[in-house]
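Here's the structure we're looking at; comments come further down.
Computed from the coordinates by the stated procedures, all read-outs in this text should not be read as laboratory data. This structure is a prediction, so every number in the text was calculated from the model and none was measured. Backbone-built Cβ (ideal geometry, glycine too); neighbour counts: all protein chains shown.
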Amino acid sequence: MTRPVKITTPIPTLDEFGERLGLSKAKRKSLGPIFIERRPQGDYVVRRTGAGKAIKVLPTQKEAVERAREVSPNGTILVERVRSSTRGALDKWRKA
Amino acid sequence: MPRRIANVTRDAVFLNIPYDQRFRALYMAYIAGLVHLGLEPRVTLGIPSGIRRLDRIAALIEGCRYSIHDLSRVELDRNPPFTTPRFNMPFELGLAVAWERANPTKHTWFVFEEKPFRIQKSLSDLNGTDPQIHAGQVSGVLRELRNVFRRTRNQPTVPEMMKTFRTVSRRCAVILAAAGATSLFEARAFQDLCFEARVAVEVSSKR
């Protein structure tokens, strides 16, 4: 049996990984997931991975999802769960 | 003039695999599995042109800390004009073995096969080396990748890696359309596949 090798290096972040692959910043942005989070004020913020600045803040989750789809029609959109249900709890993400 | 030796990237894995449609699922399994393990797959599709092909392959092997050589395709290639076996994969394995023998701390190679004991006939020089047998299945590739690479923390399970594979498979059409490619065996599509796999890992860790 082959002896396994131990990987001790940390897993690169999404951005680091994309950079190593030689993807441009714009490409990394376009392929990266978009997150929709509920703010304490009750509105919804559309944000890219690791970005401090929001793409848009909208009053409803539905509008936020629509905006995210416009920004990234082929990308993955993740919505923060705002209700506890049998399919998932708060602080988890679901696909839009 | 002596050739410049590339710096070794610690997480990079050179993938020596067949580029044909029958191998498409396993190709994606290698990508999804390696990316899930936090490694960076590299293939001969992704190397810049303008240098002699052999030099490019040698530089790629030397620049990767690990290499995986899938010797599943030992049968004759029946495409015209000649019915011949493909020697590229065993040849590249030979290059990796030679490089590892000269620099044992810089490189480690692994052989993957579809059928047990076949390598003892097809490449008996490797007797004493146990190949990883994937049985031509996606789950087999993921299992064997997990067997050879161990993360000290957060070692993914096969079902987790399978989930990444499925996500990447579902996104194939989008990747091809975005890259303007007709096949996944193109440099641009390969880059996008790797990144999509990394996105899938990121997303599954948040859900």
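Over its Cα atoms, what ratio of radius of gyration to 2.2 N^0.38 Å does the protein assembly as shown give? Spell out each step's value before the answer.
Working: Rg = 21.2 Å, N = 303, 2.2 N^0.38 = 19.3 Å.
Dividing the Cα radius of gyration by 2.2 N^0.38 Å gives 1.10.
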- Task: Could you pull out every whole DSSP H run in chain B that spans at least 24 Å of Cα extent along its own axis and averages -1.0 or higher on the Kyte-Doolittle scale?
- Result: B:187-206
- Task: Determine the shape class of the stretch B:17-83: with a ≥ b ≥ c the square roots of the Cα gyration tensor eigenvalues, call it rounded for a/c under 1.5, and otherwise prolate if a/b is greater than b/c, oblate otherwise.
- Result: oblate
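Could you tell me which of rounded, prolate or oblate describes chain B, using a ≥ b ≥ c as the square roots of the eigenvalues of the alpha-carbon gyration tensor, with rounded for a/c under 1.5 and, failing that, prolate when a/b is larger than b/c and oblate otherwise? Intermediate results must be reported in sequence, preceding the final value.
Numbers: a/c = 1.27, a/b = 1.25, b/c = 1.02.
Rounded, since a/c falls under 1.5.
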- Task: Would you mind computing Rg(Cα) / (2.2 N^0.38 Å) for the stretch A:33-95, counting N as its residues?
- Result: 1.05
- Within chain A, what's the longest run with no trypsin sites (Lys or Arg not before Pro) in a DSSP loop and at most 11 other beta-carbon atoms within 10 Å? Give the range, please. A:1-52
- Message: What is the sum of charges, Lys and Arg at +1 and Asp and Glu at -1, for the other residues whose Cβ falls under 13 Å from the Cβ of B:Leu26?
- Response: -1
- Query: Excluding same-chain residues fewer than 8 positions from A:Lys56, which lysines have a Cα within less than 28 Å of its Cα?
  - Reply: A:Lys25, A:Lys27, A:Lys29, A:Lys92, A:Lys95, B:Lys206
- Item | Where the Cα pairs of the stretch B:156-197 fall when distances are cut into 5 Å bins, in % | 5, 27, 30, 18, 11, 7, 1
- Task: When a/c is below 1.5 the answer is rounded, else prolate if a/b is larger than b/c, else oblate, so apply that to the stretch B:81-155 with a ≥ b ≥ c taken from the square roots of the Cα gyration tensor eigenvalues.
- Result: oblate
- Query: In which sequence would A:Ile34, A:Ile11 go, from the one with the fewest C-beta neighbours within 10 Å to the one with the most?
  - Reply: A:Ile11, A:Ile34
- Ascending count of other beta-carbon atoms within 10 Å, so fewest first, for A:Glu66, B:Glu114: A:Glu66, B:Glu114
- Message: Give the residue list of GluC sites (Glu not before Pro) in the stretch B:123-198 that are DSSP loop and have at most 11 other beta-carbon atoms within 10 angstrom.
- Response: none
